1. So how long is each side of the range 157-205 along the principal axes, counting just the alpha-carbon atoms, biggest first, in Å?
2. Using 1/(1 + (r/R0)^6) with R0 = 41 angstrom and r between the beta carbons of Tyr44 and Phe185, what's the FRET efficiency to the nearest 0.05?
3. Could you sort the peptides 160-167, 29-36 by per-residue average Cβ neighbour count (10 Å cutoff), highest mean leading?
4. Could you compute the FRET efficiency for Asp86 and Ile28, with r as their C-beta to C-beta distance and R0 at 25 Å, rounded to 0.05?
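Laboratory data are not the source of any read-out in this text; all were calculated from the coordinates shown. From a predicted model like this one, the values you see are computed outputs, not experimental measurements. Methodologically, a virtual Cβ is constructed for each residue, glycine included, from the backbone with ideal geometry; neighbour enumeration extends over all protein chains shown.
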Amino acid sequence: MGVPSWTTLCLSVVLCVVVLLSRPAAAIRFVIDREECFSHNVEYEGDTVHVSFVVIKADTPWHYSEEGVDLVVKDPNGAQVHDSRDKTSDKFEFMVQKRGVHRFCFTNKSPYHETIDFDVHVGHFSYFEQHAKDEHFAPLFEQIAKLDEALYNIQFEQHWLEAQTDRQAILNENMSRRAVHKALFESAALIAASVIQVYLLRRLFERKLGSSRV
């Protein structure tokens, strides 16, 4: 078997990279009232699906809760493949047993609307059989696939951390706002109490002064 030309090698590498980088992925941020479902098609059995979500905030600045939301994942046959309960954030993966459309359903038990950051990615190693048989191409394709998977893992973790950072920033802002409002309320209550106290003292002195004149 002859050594492949550089032109063939470069074309094969480019084609391989295009296929690897075109793996299906979805990252969205949405507002949920009670229930929201999403569908994602997985074309191959044995693929690994990476999933993460973070409850970013509630619609009311006075609300703070660790109750979280529920997420149920079902395969094309309706069988449950994953279940997260009462979590403000979660990150997991599962292997596809049945190719087809998978459903991801969120349930919000809180009386408030929640903003959720949701990320799903399907990891699939794809080789061209006509080239994979060539001992010159197979190791190269394998290394490219490993590099692409490592790159995605970094992006997946980065997206997860960014969502967690956004959530913490919003929580800190809401806590600071509540602290300021509480301080203003306490100051107003103290001023009101002082005014009432001065008024009562004046009334008391006026009564004593009136009784002494008599």
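1. 71, 6, 5
2. Working: r = 59 Å, r/R0 = 1.44.
Efficiency, rounded to the nearest 0.05: 0.10.
3. Numbers: 160-167: 15.8, 29-36: 13.2.
Final packing ranking: 160-167, 29-36.
4. On the way: r = 22 Å, r/R0 = 0.87.
The formula returns an efficiency of 0.70 here.
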